[in-house]
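One structure is given below, encoded as structure tokens.
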Amino acid sequence: MSGPVVMKFGGSSVANAERLRNVADIVRSEDADGIVVVLSALGGVTDALFSCGKTAAARNEAGALGGLGRIMERHREVAGELFGGAVPDELADFIAAAEHELSLLLRGSAMLGALPDQSLDALVGHGELLSSRLLAAFMQVPWLDARLVVRTDSRFGQARPLPAEIRDLAGKEVLPILARGGIVVTQGYIGSDASGAPTTLGRGGSDFSASLFGAAIRAAEIQIWTDVEGVLTCDPRVVPDARPVEHLGYDEAAELAAFGAKVLHPATILPAVELGIPVTVRNSLLRKGRFTSITRDASSGLPVTALASRAPVSVLTVRSPGMLGGAGFLARIFEAFGRRGVSVDLVSTSEVSVSMTVEASAPLEGLAEELSSFADVRIERERAIVALVGEQLRRTPGVAGMAFSALRDMNVEMISLGANEINLSLVVAQSDAPEALRRLHAAFFGKENSGSVSKGVA
Ligand code: ADP
Ligand code: ASP
Ligand code: MG
């Protein structure tokens, strides 16, 4: 391969010592001009850290420190297994220092009975710091604190990266190592703001980090290693016979991620697009297996490439028989959304009404009250968006008809073709969504063609 690559490993790929050894093998066998390894926390650790934080904020100091003790014990055990009991002093000191810092954060929070977002980010980011330190020590390669490179704004918990600054910082901190053909191990998920305060990119954000590093170093490829053989035709937890998609376009992948395919964080593709960097999604447990390659012009060639689903969402329907076609009506509605910071996913209009889907957590009551001064407003909760995504969708007549006949008796409450015409979205009751996905999958991908999703160890 000409040029450096980024290799990101998710929580399930680094769950224990055996998996970390497997990661080291995969990295060592990669032939590239320099490698940035981006690691998630050991599987389950981020959740456990969040839970300790919550316990502390409820003033339960003993409970929080007990939880922390178990997390640290797990890391010490993994370290012990990796090094056959002879854990290097430097690594043991790093683990001890992390434990000290975490216990201070939890004690402070228990005393206050609160955990501000800024402290929460400092707390939960330790999962990645610890896992990456274990791997770097085991592989005996440089460890990089991602907070020195991934500069973000100060929206703690959902920080936005600042790509130009990240590129400059990567030029100083990462490129010199890669220029020597070296390997550097760093963290996903975390960054820091201009004042140096630790931030996080939101849950599942390690994919995004991989892509940010990839763009910053002009990588030849961004590899996302996970526990399935790439992006599948549907979520395998819902449709067990979902099968890997070999080629995806950037737009298709971005749309699938935005509409709920957990295998990629929704922002992953963005940094790669501008530079045309290929993104591959691979299975760390079946390293020679099938995988997905995501590039600018690729497409599965099928009318529908894959399905995704997001729930719960709410549907807000605004009805005003006399006014819908009138100038300014829609503007007035969207202005109200904008002022309250509520973003709309799907929009569908009829002669007399407009329906919109929004996140279930959006503050809808106030909005509905405001809109009801000039229209009838109805809110329906516990709905799901089911999305059919495919580059060929716009050129294939009959897809909507096929979808409706697959769903037959099911109530489809809204239908919307995305402006890019590669996403046909349907809204159904949340409780109907799994069955809707199974039926649509059978209709568009047919049982006779289905491969199985392998989760075994290679
Ligand atoms: P990681 O820890 O590696 O980041 P995630 O759990 O975030 O892994 O994402 C991988 C999981 O995403 C899979 O195990 C699978 O259950 C789920 N998933 C949902 N939709 C899809 C899809 N379309 N293709 C593949 N996996 C999917
Ligand atoms: N560890 C973080 C999380 O669980 C980030 C990630 O794994 O992508 O959300
Ligand atoms: Mg993930």
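Gyration tensor over the Cα atoms of the range 200-316: the corresponding equivalent ellipsoid has semi-axes (square roots of 5 times the eigenvalues, largest first) of 21, 18, 14 Å.
Our summary gives the range 156-286 a relative contact order of 27 percent, counting only alpha carbon pairs under 8 angstrom and 6 or more residues apart. DSSP finds beta bridges in the chain, and of those with both partners inside it, around 60 percent are antiparallel.
Once C-alpha pairs closer than 8 Å and six or more residues apart are averaged by separation and normalised to the residue number of the range 230-365, the relative contact order reads 23 percent.
Just flag the trypsin sites (Lys or Arg not before Pro) in the range 195-246 sitting in loop per DSSP whose Cβ has no more than 11 other Cβ atoms within 10 Å. Taking the range 195-246 and a limit of 11 other Cβ atoms within 10 Å, the loop trypsin sites (Lys or Arg not before Pro) found are 237.
Taking R0 as 41 Å, what's the FRET efficiency between residue 203 and residue 352 from their Cβ-Cβ distance, rounded to 0.05? Can you show the working numbers first?
Details: r = 39 Å, r/R0 = 0.96.
It comes to 0.55.
Lysine pair count for the chain (Cα-Cα distance under 28 Å; residues 8 or more apart in sequence or on different chains): 11. Here is the list for the range 308-380: GluC sites (Glu not before Pro) lying in DSSP coil, each with at most 16 other C-beta atoms within 10 angstrom of its C-beta, are 351. When the helices of the chain are scored as -39500 (n - 2.57) per DSSP H run of n ≥ 4 and the total is divided over every residue, the value at 222 nm lands at -12000 deg cm²/dmol. Pairing the Cα long axis of helix 433-445 with the longest principal axis of the chain, what angle in degrees results, from 0 to 90 and rounded to the nearest 10? That helix lies at roughly 90 degrees to the long axis. Rolling a 1.4 Å probe over the protein heavy atoms of the chain, with every protein chain left in place, gives an accessible area that is 51 percent carbon and sulfur. Dividing the Cα radius of gyration of the range 319-446 by 2.2 N^0.38 Å, with N the residue count, gives 1.16. Taking 8 Å as the Cα distance limit and 6 or more residues as the minimum spacing, I'd like the relative contact order of the range 336-383 as a percentage. The normalised contact order for the range 336-383 reaches 30 percent. For the chain, the per residue solvent-accessible surface stands at 42 Å², with DNA, RNA and ligands left out and a 1.4 Å probe. For the range 141-187, state which trypsin sites (Lys or Arg not before Pro) are in a DSSP loop and have at most 12 other beta carbons lying within 10 Å of their beta carbon. For trypsin sites (Lys or Arg not before Pro) across the range 141-187 that sit outside H, G, I, E and B with at most 12 neighbouring Cβ atoms in 10 Å, the list reads 180. For the range 1-145, the alpha-carbon coordinates run over 53, 32, 23 Å along the three principal axes, in decreasing order.
Across all C-alpha atoms in the chain, the radius of gyration and Dmax reach 23.6, 78 Å.
The values are calculated or read from the model by the stated rules, or taken from the named source; none is laboratory data. If you're wondering where the values come from, they're calculated on a predicted model, not measured in any experiment. A quick note on method: Cβ atoms are made from the backbone with ideal geometry, for glycine too, and the neighbour counts reach across all protein chains shown. Only protein heavy atoms, including side chains, enter the accessible area calculation; ligands, DNA and RNA are left aside. Shrake-Rupley method; radii C 1.70, N 1.55, O 1.52, S 1.80 Å.
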